[in-house]
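Undergrad: After the C-alpha cells below, expect a handful of questions from me.
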C-alpha cells in the first residue's frame with residue numbers, strides 16, 4: 001500500500017476511535033453507581049426533621065452531580081424492609097446506616113461535655129443559642145464524638161425549648177416542683193436539676209413517658225410543644241407548664257469512617273448542606289412550637305407560662321449545680337457559653 005494511503009488510513013482510524021472512546025467515558029460517568037447515604041430519621045414525630053432532610057438530600061444530589069444519593073429512611077421504612085436497627089447510635093457507629101439525628105443527651109454518653117447543653121436556663125434566647133451551636137464552642141463539642149467513630153455535622157433543635165406537661169399540677173413557683181415525679185432524659189444534668197428542686201427525676205425514653213403518666217407512675221414529663229400534641233401527650237397531661245428550662249437538642253451525625261472515605265469535594269458538600277439543613281430545621285422547630293402552643297390553647301388545654309422573674313429565681317437557686325458541672329466539664333465551659341455575645 002502506498003505511503004500516502006497508509007497515512008490516511010491511520011488518520012481516519014484516529015478520528016473515528018477518539019470520539020468513540022470519549023463517548024464510552026461519558027456513558028461510564030453517567031451510569032456509574034452513586035455513593036448512597038442512608039439517613040435514618042429515628043425520632044418521632046418525623047415531621048420535625050423531614051423538610052430539612054429533604055433539602056439536604058436535594059442539595060447534596062445537585063452539588064455532587066448525582067454522585068452522592070441521600071436516602072431518607074424512617075422507622076417504618078426499616079420495618080417494611082426488615083432491617084434490624086435496635087439503636088440508631090450503634091447502627092451508625094457500625095456503618096449499617098451512614099447518617100442519623102441523635103439527641104445530644106444520648107450523645108453525651110460518648111462525649112460527656114455535650115451534656116452542658118442541658119444546663120437549665122443556659123441560653124438567653126435563640127440568637128445566643130445559635131452563636132454557641134454554630135460557633136467555635138459548638139464545633140469543639142461535636143469534634144469530641146470522633147473517638148466513637150461519629151462525626152457531628154450540625155446541631156438541630158428537635159422542638160426547641162422544653163416544656164413540662166403535668167397530670168394535675170400547675171407550676172408557678174420554684175417550690176411547686178417539690179415532691180413531683182418527672183419523666184426526664186438520661187442526662188445527669190436533668191436528674192440533678194430536678195432533684196435540686198426537690199423533685200424526683202425518672203429517666204425514660206421520650207416514647208415511654210406518656211404511658212408512664214397514664215399509669216400514674218409519674219406526674220409530669222419533659223417534652224416540647226412540637227411533640228406534645230403530635231405524640232398525644234396531652235391525653236394524660238392536660239396542663240402544659242411552659243417552663244422553657246432548657247433546649248431539647250439533637251445533632252446531625254455521620255459515620256466517621258464513611259465520611260473520611262469520601263473525597264474532599266464530597267465532604268465539603270455534605271458539611272455545607274448539613275449546616276443549611278440545621279438552620280432550616282431550627283427555624284421550622286420554632287415556628288411549629290408557636291403553632292402547637294396556640295393549638296393547645298384553642299383546644300382548651302391549660303397553658304401556664306413560668307414568669308421571667310421566677311426563671312431568674314430558679315437560676316440563682318441552682319448556682320451550685322452550675323459549679324458542680326463546670327468542674328466536671330472543665331475549662332470553664334459553662335462560663336464560656338454564657339459569655340458568648
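Undergrad: When you look at residue 197, is it at pLDDT 95 or above and under 20 Å from residue 329 (Cβ atoms), yes or no?
TA: Answer is no for this residue.
Undergrad: For the structure I just gave you, tell me whether residue 85 is buried (at least 21 other Cβ atoms within 10 Å of the Cβ) and either at pLDDT below 95 or within 30 Å of residue 289 (Cβ to Cβ) (or both).
TA: Working: buried (at least 21 other Cβ atoms within 10 Å of the Cβ): no; either at pLDDT below 95 or within 30 Å of residue 289 (Cβ to Cβ) (or both): yes.
When the stated conditions are applied, residue 85 does not pass them.
Undergrad: Next question. Just to check your reading of the model, which residue among 117, 133 is touching a strand residue (DSSP E or B) at 6+ places or on another chain (Cβ under 8 Å) and more than 17 Å from residue 275 (Cβ to Cβ)?
TA: Numbers: 133 fails: more than 17 Å from residue 275 (Cβ to Cβ).
Going through 117, 133 in turn, the sole match is 117.
Undergrad: Still on this structure: I'm trying to understand the selection: among the residues of region 134-163, which are under 22 Å from residue 338 (Cβ atoms) and free of Cβ contacts under 8 Å to residues at least 60 places away in the same chain?
TA: Scanning region 134-163 gives 136, 138, 139, 140, 141, 143, 144.
Undergrad: Something else about it: Here are the criteria: (1) out of contact with any strand residue (DSSP E or B) (no Cβ under 6 Å at 6 or more places or on another chain); (2) over 17 Å from residue 320 (Cβ atoms); (3) modelled with pLDDT of 90 or more. Tell me which single one residue 189 does not satisfy.
TA: So the condition that residue 189 fails would be (2).
Undergrad: Mind telling me which of the residues 198, 179, 159, 144 ends up being closer than 30 Å to residue 60 by Cα and surrounded by fewer than 24 Cβ atoms within 10 Å (Cβ to Cβ)? Talk me through it step by step, then tell me what you get.
TA: Working: 198 fails: closer than 30 Å to residue 60 by Cα; 179 fails: closer than 30 Å to residue 60 by Cα; 159 fails: surrounded by fewer than 24 Cβ atoms within 10 Å (Cβ to Cβ).
Exactly one of 198, 179, 159, 144 is closer than 30 Å to residue 60 by Cα and surrounded by fewer than 24 Cβ atoms within 10 Å (Cβ to Cβ), namely 144.
Residue-by-condition table, conditions (1) at pLDDT below 95; (2) farther than 27 Å from residue 177 by Cα:
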| residue | (1), (2) |
| --- | --- |
| 245 | no, no |
| 250 | yes, no |
| 254 | no, yes |
| 265 | no, yes |
| 268 | no, yes |
| 277 | no, yes |
| 287 | yes, yes |
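Undergrad: Could you list, in sequence order, the residues of region 292-311 that are free of Cβ contacts under 8 Å to residues at least 24 places away in the same chain and in a helix (DSSP H, G or I)?
TA: 294, 297, 298, 308, 309
Undergrad: Inspect all residues belonging to region 279-286 and state whether any of them is under 15 Å from residue 48 (Cα atoms), in contact (Cβ under 8 Å) with a residue 24 or more places away in the chain, in contact with a strand residue (DSSP E or B) (Cβ under 6 Å, 6 or more places away or on another chain) and surrounded by fewer than 19 Cβ atoms within 10 Å (Cβ to Cβ).
TA: Within region 279-286, one or more residues are under 15 Å from residue 48 (Cα atoms), in contact (Cβ under 8 Å) with a residue 24 or more places away in the chain, in contact with a strand residue (DSSP E or B) (Cβ under 6 Å, 6 or more places away or on another chain) and surrounded by fewer than 19 Cβ atoms within 10 Å (Cβ to Cβ).
Undergrad: Quick one: which residue in 226, 213 is farther than 30 Å from residue 273 by Cα, in contact (Cβ under 8 Å) with a residue 24 or more places away in the chain and either in a loop (DSSP other than H, G, I, E, B) or in contact with a strand residue (DSSP E or B) (Cβ under 7 Å, 6 or more places away or on another chain) (or both)? Please lay out each step first, then the result.
TA: Numbers: 226 fails: farther than 30 Å from residue 273 by Cα.
Exactly one residue qualifies, and that residue is 213.
Undergrad: Among (1) at pLDDT 90 or above; (2) more than 22 Å from residue 279 (Cβ to Cβ); (3) surrounded by 15 or more Cβ atoms within 10 Å (Cβ to Cβ), where does residue 64 come up short?
TA: It fails just one condition, (2).
Undergrad: Same structure again: Could you check, for region 96-105, whether at least one of its residues is part of a helix (DSSP H, G or I) and farther than 23 Å from residue 270 by Cα? Please lay out each step first, then the result.
TA: So in region 96-105, the residues part of a helix (DSSP H, G or I) come out as 104-105.
Subset that is farther than 23 Å from residue 270 by Cα: 105.
Yes, there is a match, as at least one residue in region 96-105 is part of a helix (DSSP H, G or I) and farther than 23 Å from residue 270 by Cα.
Undergrad: Residue 250: outside any helix (DSSP H, G or I), in contact with a helix residue (DSSP H, G or I) (Cβ under 6 Å, 6 or more places away or on another chain), touching a residue at least 24 places away in the same chain (Cβ under 8 Å) and within 26 Å of residue 47 (Cα to Cα), yes or no? Walk me through how you get there before you give the answer.
TA: Values: outside any helix (DSSP H, G or I): yes; in contact with a helix residue (DSSP H, G or I) (Cβ under 6 Å, 6 or more places away or on another chain): no; touching a residue at least 24 places away in the same chain (Cβ under 8 Å): yes; within 26 Å of residue 47 (Cα to Cα): yes.
It is false that residue 250 is outside any helix (DSSP H, G or I), in contact with a helix residue (DSSP H, G or I) (Cβ under 6 Å, 6 or more places away or on another chain), touching a residue at least 24 places away in the same chain (Cβ under 8 Å) and within 26 Å of residue 47 (Cα to Cα).
Undergrad: Tally the residues that are crowded, with 24+ Cβ neighbours inside 10 Å and more than 26 Å from residue 310 (Cβ to Cβ), restricting the search to region 211-250.
TA: 1
Undergrad: Among the numbered criteria (1) under 30 Å from residue 214 (Cα atoms); (2) in a helix (DSSP H, G or I); (3) out of contact with any strand residue (DSSP E or B) (no Cβ under 7 Å at 6 or more places or on another chain), which single criterion is violated by residue 260?
TA: Single failed check for residue 260: (1).
The values are calculated or read from the model by the stated rules, or taken from the named source; none is laboratory data. Quick caveat, the model's predicted, so the values are computed rather than measured. Counting neighbours? That spans all protein chains shown, and the Cβs are built from the backbone with ideal geometry, glycine included.
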